[in-house]
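Visitor: Pasting a structure below so you can have a look.
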Amino acid sequence: MTPRGRFLARLLTLLIALAGFVTVGALPAAADNSGTVQYVALGDSYAAGQGGGEYLNDCLESPNGYPYLLEPKGRIDLRESAACTGASTSEVGGTQLSELNQDTGLVTLTVGAADLDLSGVLTACTAVPPVGCQDAINVALGQLALLGGSLSNLYALVADAAPNALIVVTGYPYLFEIVPGDPTAAIKDQINNAITLLNSTIQQAVAAAQAAGVNIVYVDVTAEFAGHGIGSKKPYIHPDGLDAFHPNVAGYRAYAKAIFAAIRSALLDDNQQVA
C-alpha cells in the first residue's frame, strides 16, 4: 500500500466522524475507537498555548491551547505536545521530531515567528516612545528568504519522521485592530503587514512541500481573528503582561476551529481523489 493509501486507511473513520462536525465540540457518538488518530503538536509558543493559562511546564504549554482543543471524545488522540515557547524552526527540527513515528496520523505545526525575532520587533515597536521600531522590522523582513528555506527543510524532516501523517501548518493572526484616530495606527499597521509577509512565506513553503509530494496543508487563521485584534471590543489576543501578543482562550478556540476545518477539507479532498 502506498503512503497515501496508508494515510487514508488510517484516517477514514475520522473523516466519517468529522463529516457532521461544524464547530469545536463533541464528535458523533456513533464513531468507534478504530478511527482514533495519533496526534503530535510541534512548534513555538502559539503551538504550546501560551496565553491560555494554567501552564503545565516551563514551555508554557496550556490545556487551553489548540492541541488540546483538537482532542474531543478521543477521535484525535494528543499523544504528545512537544511545542515550546521560543522555539525556532531549527529548534523544532533538533528537539521535537523525536516524538514522531510511522503511527503518527496527524501533526500540527506553528513556527516561524521566533526566526524573525517577532517578540523583539514588538518590544521595540510598542515601547513608549518606540525605539528602533523600523530598524527591527527591516531586520526581521530581511530574514524572510532564509526562513522560507528553513521551513522547507523542516517540513521535509517532519514528513520523513511521520510518513503516514497529515501535516497541518498554521499561520499567525494579525495582532492589532486598527482604530481610526489611534496615534500609533501607522506602527500597528506595519506590524500587521509584517505578519502578512510572514504568513505568505509559510504558505509558499507549504506549497513547495506539496509540490514535492508531502501530505501537508496550510491554515490561514486571519479570518477567524478578524475584528478581534488588540484594540477591538472583544480581543482574542492578550495586549500586555507575560502573555502579551499571544492568543487568549477564545483565540485558541478560533485556531482550533480553523484547523478542524482544514483537516476535514483535506480528508474529503483525499477521499475524492482515490474514490
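Visitor: For the stretch 62-114, which residues satisfy the criterion of being surrounded by fewer than 16 Cβ atoms within 10 Å (Cβ to Cβ), in contact (Cβ under 8 Å) with a residue 60 or more places away in the chain and outside any helix (DSSP H, G or I)?
Guide: Within the stretch 62-114, Asn101, Gln102, Asp103 qualify.
Visitor: Which one of these does Val139 not meet: (1) among the aliphatic types (A, V, I, L, M); (2) part of a helix (DSSP H, G or I); (3) over 20 Å from the mean Cα position of the chain (by Cα); (4) exposed (fewer than 15 other Cβ atoms within 10 Å of the Cβ)?
Guide: Failing condition for Val139: (4).
Visitor: Next up: Would a scan of the stretch 173-186 turn up a residue that is out of contact with any helix residue (DSSP H, G or I) (no Cβ under 9 Å at 6 or more places or on another chain) and on the phi > 0 side of the Ramachandran plot?
Guide: Scanning the stretch 173-186, I find at least one residue that is out of contact with any helix residue (DSSP H, G or I) (no Cβ under 9 Å at 6 or more places or on another chain) and on the phi > 0 side of the Ramachandran plot, so the answer is yes.
Visitor: Any residue at all in the stretch 115-123 that is surrounded by 17 or more Cβ atoms within 10 Å (Cβ to Cβ), over 16 Å from the mean Cα position of the chain (by Cα) and assigned to a loop (DSSP other than H, G, I, E, B)?
Guide: no
Conditions tested, residue by residue: (1) surrounded by 15 or more Cβ atoms within 10 Å (Cβ to Cβ); (2) modelled with pLDDT of 95 or more; (3) within 17 Å of Leu118 (Cα to Cα); (4) in contact with a strand residue (DSSP E or B) (Cβ under 6 Å, 6 or more places away or on another chain).
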| position | (1), (2), (3), (4) |
| --- | --- |
| Leu147 | yes, yes, yes, no |
| Leu151 | yes, yes, yes, no |
| Ile167 | yes, yes, no, yes |
| Phe176 | yes, yes, yes, yes |
| Ala186 | no, no, no, no |
| Ile202 | yes, yes, yes, no |
| Ala207 | no, yes, no, no |
| Tyr218 | yes, yes, no, yes |
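The values are calculated or read from the model by the stated rules, or taken from the named source; none is laboratory data. Keep in mind that what you see is a predicted model, and the values were worked out from it rather than measured. Positions of Cβ are backbone-derived with ideal geometry, glycine not excepted, and every protein chain shown enters the neighbour counts.
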